[in-house]
1. With everything on Cα atoms, drop me the angle between helix 44-60 and the longest principal axis of the chain, reported from 0 to 90° to the nearest 10.
2. Would you mind listing how long the range 176-254 runs along its three principal axes, going by Cα atoms, in whole Å with the largest first?
3. Using alpha carbons only, what's the Rg to Rh ratio of the chain with Rh from Kirkwood?
4. On a 0 to 90 degree scale, rounded to 10, what angle separates helix 103-129 from the longest Cα axis of the chain?
5. Rank Gly182, Ile162, Ser192 by how far each Cα sits towards the positive end of the charge dipole of the range 155-198 (+1 on Lys, Arg Cβ; -1 on Asp, Glu Cβ) and give me just the farthest.
6. If you place +1 on the Cβ of every Lys and Arg, -1 on the Cβ of every Asp and Glu, and leave all else neutral, what size is the dipole of the chain about its Cα centre, to the nearest 20 Debye?
7. How large is log10 I(q)/I(0) at q = 0.18, 0.21 Å⁻¹ when the Debye formula is applied to the Cα atoms of the range 40-139, each weighted equally and without solvent?
8. Of the peptides 189-202, 119-132, 238-251, 150-163, how do they stack up when ordered by the mean number of other Cβ atoms within 10 Å, highest first?
Amino acid sequence: MGAGHTHQLYRHGHSAVHRLPPHCKLAAVFGFVLVVVATPREAVWAFGGYALLIGAVARAARTPVLFVLKRLAVEVPFVAFALLLPFVAEGPRTDVLGLSLSESGLWGAWNILAKGTLGVAASVLLAATTELREVLLGLQRLRMPPLLVQIASFMLRYGEVITAELRRMRIARESRGFEARGPRSWGVLAKSAGALFIRSYERGERVHLAMLSRGYTGSMPVIDEVTGTRAQWSHAAALPLTALAVCLLGWSFV
């Protein structure tokens, strides 16, 4: 399986977290997210404990906090939605800084922000310590359907190719004096999108024929077989198991 391109979220390093097998890290992050989602929203202190766990993993991975915080911007739409909940939700109201807000909306906003932020932070750390090629190998090791793994592999491999094609089309338009200003330019942009779709489709056909000519039968060969020792699994399990202990305490004190 190919796709050895390094993505922008990856941060090269040689920490213990980087050296863990990808399927161990995937399982650990998935388990951590499940535990966070299962935590009662009223256990506010538990989410602080999860944040400390994320900070400990970031420190072990030698990943700067600022690096993680910048990439949390992907959840801005969810933050905007959460901030609207106290104003539009129904139920008992309470005054906060002179504003009449819904109590259920405040709890809902807190629930979304806390759990969403922790989940995104865990995903950012996974991406920062695992290359895309290793992620695909890890998914395959975890017995994800081969067809889905192949689709993800092709998407990651040829996403940059299509982006480069779009960049060349933009340069060609600008070299001919085109500037996207107002609705009058929408026709040209629509034709460009159509041309990009046709070129991408034709490229996909050529790639598929090339694969068939090289013996492709519906499954990609596995070049590297990733394994995990008991010690590596135990190290990866430390995050979700510790989070599970915090979750159980949270339920017991609610």
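1. So the helix axis and the longest Cα principal axis differ by about 50 degrees.
2. In descending order, the Cα extents are 65, 46, 21 Å.
3. Using only Cα positions, Rg/Rh for the chain is 1.06.
4. 50 degrees
5. Gly182
6. On the way: 27 positive and 15 negative charges, 187 e Å.
Dipole size: approximately 900 debye.
7. Listed by q, the Debye log ratios stand at -0.91, -1.07.
8. Details: 189-202: 12.0, 119-132: 21.4, 238-251: 18.0, 150-163: 14.6.
Packing order, densest peptide first, comes out as 119-132, 238-251, 150-163, 189-202.
The values are calculated or read from the model by the stated rules, or taken from the named source; none is laboratory data. What you see is a predicted model; the values in this text were computed from it and never measured. Heads up, the Cβs are rebuilt from the backbone with ideal geometry, glycines too, and the neighbour counts pull from every protein chain shown. Surface areas here come from the heavy atoms of the whole protein model, side chains and all, with no ligands, DNA or RNA. Shrake-Rupley method; radii C 1.70, N 1.55, O 1.52, S 1.80 Å.
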